[in-house]
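The values are calculated or read from the model by the stated rules, or taken from the named source; none is laboratory data. Bear in mind the structure is a predicted one, so any value in this text is a computation, not a measurement. Here the Cβ positions follow ideal geometry from the backbone for every residue, glycine too, while neighbour counts run over all protein chains shown. Accessible surface areas use protein heavy atoms only, side chains included; no ligands, DNA or RNA. Shrake-Rupley method; radii C 1.70, N 1.55, O 1.52, S 1.80 Å.
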Amino acid sequence: KQEVTQIPAALSVPEGENLVLNCSFTDSAIYNLQWFRQDPGKGLTSLLLIQSSQREQTSGRLNASLDKSSGRSTLYIAASQPGDSATYLCAGPGGSNYKLTFGKGTLLTVNP
Amino acid sequence: NAGVTQTPKFRVLKTGQSMTLLCAQDMNHEYMYWYRQDPGMGLRLIHYSVGEGTTAKGEVPDGYNVSRLKKQNFLLGLESAAPSQTSVYFCASSRGVSYAEAFFGQGTRLTVV
């Protein structure tokens, strides 16, 4: 059974800081790893999808990496802005099932 | 470009009432999912479907039923609502599981009183 853990649960940083969010998973037979953003009271917005054959994906100030051997993914946010404040979730399907398993998220606050 | 649309967005039910949540996607995706999100519990999978006419149980299926009669629609039913089903419900879809990105609807906030 795939289990996904996100550390830290909450993070507060000053504007302009570079930061890393962590995601770990138990089933290394993961097909892909997806990072989402969720604003309060809203749905999930897909940020980046990393295939199992890839090691990194980049979109603007965001960079996500995937290391299947260690069961880890990181989301790097460069030059953080107050508008980046949200909950960030990682999720991935793995093994012999079709279920997309989520971590509980990291609540990010970027202070002006 | 609608993506994944959930209906309704908000609903208040009395205990014992029934209702159906509708999820519609216009991306011709095979896979569809229903999740509930509760504080401290994260997103938990209720039911999912890997194609038209198929359904399967997720982590927390009790008290819910689903149907996928058309590829673009995935319905979630509550036959006899309970206060424990107060939650935010999200629908998602993807082209497949292996290499495909999942897309989510905006959610349905359900309160059972």
Distance in Å, no decimals, from the C-alpha centre of region B:13-48 to the one of region A:1-20 is 26
When chain B is modelled as a GNM with alpha-carbon springs shorter than 10 Å, which of B:Met27, B:Met41, B:Met19 fluctuates the most? B:Met41
Sorted peptide list for B:86-93, A:72-79, criterion being average Cβ within 10 angstrom, highest first: B:86-93, A:72-79
Could you bin all the Cα-Cα distances of the protein assembly as shown into 10 Å bins starting at 0 and give me the percent of pairs in each, rounded to whole numbers? 8, 33, 35, 19, 4, 0
Share of Cα-Cα pairs in region A:59-112 lying beyond 17 Å, as whole percent: 49
When chain B is treated as a Gaussian network with springs between alpha carbons less than 10 Å apart, the largest mean-square fluctuation among B:Gly58, B:Gly77, B:Gly42 is found at B:Gly42
Hey, got the average number of other protein chain Cβ atoms within 10 angstrom for residues in A:29-37? 2
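Got a number for carbon plus sulfur as a percent of region A:40-112's accessible area, 1.4 Å probe? Can you show the working numbers first?
Working: 1550 of 3300 Å².
Percent of accessible area from carbon and sulfur atoms in region A:40-112: 47.
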In nm, the gap between the two label points placed 7 Å beyond Cα toward Cβ at B:Phe10 and B:Arg95 is 3.7
Can you pull the mean other chain C-beta count within 10 Å for peptide A:99-111? 3
How big is the antiparallel share of DSSP beta bridges in chain B, given as a percent to the nearest 5? 90
The pairs in A:Lys68/A:Lys104; B:Lys14/B:Lys70; A:Lys99/B:Lys71; A:Lys68/A:Lys99 lying past 24 Å Cα-Cα in this model are B:Lys14/B:Lys70
